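Reviewing the structure listed below.
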Amino acid sequence: MQPVVRFRLTRPSRGFARLLAIGALSLGLGGCGFLGSVDFPGVYKIGIPQGNIITQDMVDQLRPGMTKRQVIFVMGTPLVRDPFHQDRWDYIYSFQPGGGERGQERLTVFFENDLLVSFTGDFVPTEAASN
């Protein structure tokens with residue numbers, strides 16, 4: 001029969017074991033953040049649309065003097081309605097194709113006495129629409 005050899009950790013080696021375990025854990029968790037940016041070949045990434053889709057045809061239908069209900073009929077419900085500025089509506093559309101750059105389009109509509117006064121943003125009315 002062979003003698004059983006048992007190792008007993010002394011105080012300094014226990015501290016080293018804890019330090020080693022904490023270091024391995026922090027390196028392992030730090031590597032998880034890196035995995036989010038890795039592109040795996042052959043993996044399909046979907047496009048992510050968010051907000052109100054804004055088209056040039058919709059912008060061309062906007063006319064000064066339209067009521068809020070008419071603007072909602074043309075543009076849809078605004079994404080942002082500021083409770084402190086009831087006469088300003090923001091339409092925002094963002095799209096990120098799978099793994100690509102995110103694009104964003106904005107249109108801000110202004111009212112006075114519940115009638116459309118003006119709008120600003122990434123769209124301008126075309127010449128044919130203003131005639």
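Structure values in brief
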| read-out | value |
| --- | --- |
| Identity of the residue in the stretch 38-72, small (Gly, Ala, Ser) and not in a strand (DSSP E or B), that ends up modelled with the lowest pLDDT | Gly42 |
| Conditions (1) touching a Pro at 6+ places or on another chain (Cβ under 9 Å); (2) more than 18 Å from Gly51 (Cα to Cα); (3) not small (Gly, Ala, Ser); number of the one not met by Gln96 | (2) |
| Failed criterion for Met75 (all others in (1) in contact with a Gly (Cβ under 7 Å, 6 or more places away or on another chain); (2) at pLDDT 90 or above hold) | (1) |
| Checklist (1) under 17 Å from the mean Cα position of the chain (by Cα); (2) in a strand (DSSP E or B) applied to Phe110, failing item | (1) |
| Of all residues making up the stretch 71-125, the number that are without any contact (Cβ under 8 Å) to a residue 40 or more places away in the chain and of a type in the set (S, T, N, Q) | 6 |
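The values are calculated or read from the model by the stated rules, or taken from the named source; none is laboratory data. Since the model is a prediction, treat every value here as computed from it, not as a measurement. Note that we place each Cβ from the backbone using ideal geometry, even for glycine, and neighbour counts take in every protein chain shown.
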